[in-house]
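Notes to accompany the following structure.
Only the coordinates and a few stated rules stand behind these numbers; no lab work does. In this text the structure is predicted, and so the values were computed from the model without any measurement. Counting neighbours? That spans all protein chains shown, and the Cβs are built from the backbone with ideal geometry, glycine included.
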Amino acid sequence: MFSWANKDGKKKDPELFQTVSDGLKRLYRTKLFPLEDTYRFHDFHSPALEDADFDNKPMVLLVGQYSTGKTTFIRHLMEQDFPGMRIGPEPTTDSFIAVMYGEQEGLIPGNALVVDPKKPFRKLNAFGNAFLNRFVCAQMPNAVLDSISIIDTPGILSGEKQRISRGMCFFFIFNFLFL
């Protein structure tokens, strides 16, 4: 017990890793995961982290009321349109769009994203088909997307309008994100 309290005063040589994510992945697998497994953390709280959770780029989630320029901001940041983008005067974005780097331009539906082990979206399966039908990934080659991924969200409508016109899944997702 307490093997980290090196009693004999000898220093261990530090492990070297190519990237920070490699080091975090190794630390999680060797130190934290066995502890989570022993106390069955994954059974009652959240699933274990996967390689995709460490290997993917940081994500920026854009949240705000409808028609405030979330999609336009992404368009100006990337200096080009992305697949599935719709800009207009009324609430036009009605789905969650993960804008990520990819060699070929295209859209991947949410149901396919949650089964792809290379994408960090496997845990979204818990929100069900109503959410997955309104979740897509737009892949495209872009210099900005080389270092980050961006999530474009539908605009937030007020109160009852949100629940009725968008379905309960959007109401639940937004409450989940903010609580």
* To do: Calculate, in nm to one decimal, what F73 and N111 gain on full extension: separation in residues at 0.36 nm each, minus their alpha carbon distance.
  => 11.0 nm
* To do: First check a/c for region 114-158, with a ≥ b ≥ c the square roots of the eigenvalues of its C-alpha gyration tensor; if it is under 1.5, answer rounded, and if not, answer prolate when a/b is larger than b/c or oblate otherwise.
  => oblate
* Asked: R0 = 25 Å: FRET efficiency of T19 with Y39, Cβ-based, nearest 0.05?
  -> 0.30
* Hey, could you grab the Kirkwood Rh for region 11-125? Inverse mean 1/r over distinct alpha carbon pairs, Å, one decimal. => 17.5 Å
